[in-house]
Amino acid sequence: MDLRHLRYFLCVAEEMHFGRAAMRLGISQPPLSQQIRALEDELGVRLFDRTSRRVCLTEAGQLFEPEARLTLQQAERAMQTARLAQQGEVGHLGLGFPPSGPFVPSIAGALYRFRQSYPKVELMLQELGRDQLIERVRDRQLDLGLVRGFEPPVLPSGLVTECLLEEDMVLAIRSDHPLAERAAGPEIADLAAYPLVIYDPANGAGFNEHFFSLCEEAGFVPHVAYRASGLATLLGLVAAGFGATLLARSLARLHVDNLVFRPFASPVRSRLWLVHAEDLSPTGRTFKATVLCEDHG
């Protein structure tokens with residue numbers, strides 16, 4: 001059924017006059033009459049009783065009118081939804097991030113602005129380690145991913161990355177740790193004498209390898225006392241005195257009893273990388289524009 005026929009029918013039903021309806025539609029009367037006749041032929045019913053003096057709806061026409069109006073309204077909603085989807089203003093957005101992701105001000109700000117600006121986009125957020133995150137972006141289970149690392153992540157074909165930001169790393173230690181009480185900022189070499197707590201390989205992929213290389217450059221092999229599966233466990237073990245750890249400066253905003261954060265005397269920098277498919281989804285493009293605006297604004 002041609003939606004144009006429904007619009008013509010409703011216009012005639014409102015005007016109850018073919019001449020006025022034709023004028024309102026911007027067409028001449030004969031084509032309008034032909035289109036109404038074509039609609040009636042398609043339905044196999046008469047919608048209007050026509051006389052030389054008046055036009056009125058038949059019983060079938062009276063019942064057909066509200067349904068025709070609903071059909072046009074639904075069609076308009078469908079078209080509007082399609083347009084908004086193409087613009088990335090409705091739909092779904094899958095975003096993966098490391099434990100520190102939501103604590104980075106530009107990321108938290110972008111998430112807030114995105115939810116305020118595009119309330120019809122359903123956000124699906126997942127905290128993941130680097131390898132699993134990249135795998136899910138590759139398999140289109142996620143639109144975008146945030147990966148923390150010192151170097152660009154190695155990506156499969158079809159994925160691209162760009163650096164969103166750099167930030168210093170800090171040493172997280174218990175408040176009575178010897179490095180907490182020393183006036184000078186710690187160096188990587190200072191960690192040779194103390195046990196460390198790091199993420200397990202699934203969550204620390206990329207960061208752990210680079211940290212070990214920093215230790216190797218400083219002339220020692222780190223003593224890893226515990227490997228934590230998540231941020232809460234990592235901070236809890238450090239606060240309980242099981243060892244020291246390195247964190248992004250953005251996580252130093254967290255308050256944990258007995259935990260202090262010390263910047264390194266020689267800065268250790270970490271980067272946050274945005275990973276996505278070359279043919280990014282519309283909602284992904286919208287979020288990327290939001291986070292880049294937040295980051296550069």
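The values are calculated or read from the model by the stated rules, or taken from the named source; none is laboratory data. Note that the structure is predicted; figures quoted are calculated from it, not measured. Cβ coordinates were reconstructed from backbone atoms using ideal geometry, including for glycine residues, and neighbour counts include every protein chain displayed.
With 75, 68 as the choices, which residue is among the aliphatic types (A, V, I, L, M), touching a Leu at 6+ places or on another chain (Cβ under 6 Å) and exposed (fewer than 14 other Cβ atoms within 10 Å of the Cβ)?
That would be 75, the only listed residue that is among the aliphatic types (A, V, I, L, M), touching a Leu at 6+ places or on another chain (Cβ under 6 Å) and exposed (fewer than 14 other Cβ atoms within 10 Å of the Cβ).
If you check 142, 146, which single one turns out to be within 30 Å of residue 260 (Cα to Cα), in the same structural domain as residue 291 (by TED's automatic domain parsing) and among the hydrophobic types (A, V, I, L, M, F, W, C)?
Result of the check over 142, 146: 146.
Hey, can you tell me all the residues within segment 29-76 that are free of Cβ contacts under 8 Å to residues at least 40 places away in the same chain and part of a strand (DSSP E or B)?
48, 49, 50, listed by residue number.
Which members of segment 192-208 meet the condition of being in contact (Cβ under 8 Å) with a residue 40 or more places away in the chain and farther than 20 Å from residue 100 by Cβ?
Passing the criteria: 194, 195.
If I ask for residues that are loosely packed, with under 14 Cβ neighbours inside 10 Å, under 23 Å from residue 103 (Cβ atoms) and among the hydrophobic types (A, V, I, L, M, F, W, C), which ones from segment 209-233 would you list?
Listed by number, the list holds a single entry, 232.
In this structure, does residue 249 turn out to be farther than 28 Å from residue 184 by Cα and touching a residue at least 24 places away in the same chain (Cβ under 8 Å)?
The answer is no for residue 249.
Here are some conditions: (1) under 30 Å from residue 166 (Cβ atoms); (2) modelled with pLDDT of 90 or more. Residue 46 meets all but one. Which one does it not meet?
(1)
Give the residue that is nearest to the chain's Cα centre (by Cα), with candidates limited to residues of segment 112-144 that are free of Cβ contacts under 8 Å to residues at least 12 places away in the same chain and farther than 16 Å from residue 275 by Cα.
The residue in question is 115.
Conditions first: (1) under 33 Å from the mean Cα position of the chain (by Cα); (2) surrounded by 21 or more Cβ atoms within 10 Å (Cβ to Cβ); (3) not hydroxyl-bearing (Ser, Thr, Tyr). Residue 249 passes all but one, so which condition is the exception?
With respect to (1) under 33 Å from the mean Cα position of the chain (by Cα); (2) surrounded by 21 or more Cβ atoms within 10 Å (Cβ to Cβ); (3) not hydroxyl-bearing (Ser, Thr, Tyr), residue 249 is out only on (2).
Every residue in segment 148-189 that is in contact with a helix residue (DSSP H, G or I) (Cβ under 6 Å, 6 or more places away or on another chain), over 30 Å from residue 288 (Cα atoms) and without any contact (Cβ under 8 Å) to a residue 40 or more places away in the chain, please.
Listed by number, the list is empty, since nothing qualifies.
Return the residues of segment 278-297 that are farther than 17 Å from residue 82 by Cα, touching a strand residue (DSSP E or B) at 6+ places or on another chain (Cβ under 6 Å) and at pLDDT 90 or above; say none if nothing qualifies.
Hits for segment 278-297 are 278, 287.
Just one of 76, 65, 122, 40 is among the charged types (D, E, K, R) and either within 30 Å of residue 207 (Cα to Cα) or out of contact with any strand residue (DSSP E or B) (no Cβ under 9 Å at 6 or more places or on another chain) (or both); which is it?
The match here is 76.
Can you name every residue in segment 230-245 that is at pLDDT 90 or above and outside any helix (DSSP H, G or I)?
Selection gives 240, 241, 242, 243, 244, 245.
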